[in-house]
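These notes are about the structure you will find just below.
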Amino acid sequence: MVLLPDEQAVEIHMSREPKTYPAGEEEAGIDLGVTEVLTDDSGKKYRPEYGQALQEMSDHVLDKGRKRQKLWALYRKNRERDPGKARRIRRHNLGLVKQHKRHRRYRAWCENEINRAFRAFFRERRPRVIAYEDLSHLRGKARNKGLSRKVSQWQRQAIRGRLEYLCHVYSITDPGPVNAAYTSQTCPCPGCGWVDGKNRNGDLFRCQKCGYEGDADHVAATNVKGRLRDQEITKYTPHKEVKRILLKRYWENHA
Ligand SMILES: [Zn+2]
């Protein structure tokens, strides 16, 4: 039992071993996102509602941060001139109770989206192993959308926790993140494999060599999955070396 000081509530934590399932057969690749929670190598997008939840949480955090900064400035200005007013600002406007309550609601909303996405993915795919990129890449994706740094940090933690938990429930041994270098720029067609920054334009992937067109996240998830069995490109292969290997493969295909 945990007493939450600023919620005036009591939370009861039940520690019960979750029901576990035997591992499935499949290998699956996922691309984590900031619009939907994830896209898998079949092209399915899980919980596209997530983007809005994350955006609103981020807006709330950024807006609150700005307002609080202004109030702190007002507090400092009045500290000597009008200590009574300063004290009131401190107590009524700079308290943390209300802020925490609102924030908790946003967090619960996002957590719910993450849970639902991963549950659906594990249930539908029943993977034996999951290929995924290093979670730090999510920061770049969040930055592109202008999401708050705090929210992005929180998101990585929430996803890591969910992934760990469900890997346990579905008896999956997690090999850790694969090397995802150039997975969003490489043509997934077996006979092609051309790597080029121009292949990707926002959500759209269009191979500059063979003309293959597809959803960029789907392409990334497919390539991430391919890295599971890649003998040459391992977790430790440097970025530049990855590109050299990919180009070598393309030119071998087209000799
Ligand atoms: Zn191609």
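Please treat every number below as a calculation from the coordinates, not as lab data. Note that the structure is a prediction, hence the values are computed from the model and not measured. Every residue, glycine among them, receives a Cβ derived from its backbone with ideal geometry; neighbour counts consider all protein chains shown.
Between Ala255 and Lys77, with labels modelled 7 Å along Cα→Cβ, what's the label distance in nm to one decimal, could you check?
Placing both labels 7 Å along Cα→Cβ, they lie 7.4 nm apart.
Just need the Rg to Rh number for segment 35-135, please, alpha carbons only, Kirkwood Rh.
1.25
If you take the C-alpha gyration tensor of the chain, multiply each eigenvalue by 5 and take the square root, what semi-axes do you get, largest first, in whole Å?
On the way: eigenvalues 367, 119, 40 Å².
Output for the chain: semi-axes of 43, 24, 14 Å.
Which parts of segment 34-70 would a label at Arg102 reach, counting a residue when its backbone N lies under 13 Å from a point 7 Å out along Cα-to-Cβ?
56-69
Grab the other residues whose beta carbon is less than 13 angstrom from that of Pro238, score K and R as +1, D and E as -1, and report the net.
+2
Please report, in Å, the Rg and the Dmax of segment 126-255, where both are computed over Cα atoms only.
Every Cα atom of segment 126-255 included, Rg and Dmax give 15.9, 49 Å.
Could you tell me the center-to-center distance, by alpha carbons, between segment 19-68 and segment 109-146 in angstrom?
When both Cα centres are located, 5 Å separates them.
Give me the distance in nm between label points sitting 7 Å out from Cα along the Cα-to-Cβ direction at Asp63 and Lys85, one decimal.
Placing both labels 7 Å beyond Cα along the Cβ direction yields 2.7 nm.
Explain nothing, just the number: relative contact order of the chain, from Cα pairs under 8 Å at least 6 residues apart, as a whole percent. It would help to have the intermediate numbers written out before the result.
Working: 368 pairs, mean separation 61.6, N = 255.
Computed value for the chain: 24 percent relative contact order.
What is the count of Lys pairs in segment 66-148 whose alpha carbons sit under 22 Å apart, if the two are 8 or more places apart or on different chains?
So the count works out to 10.
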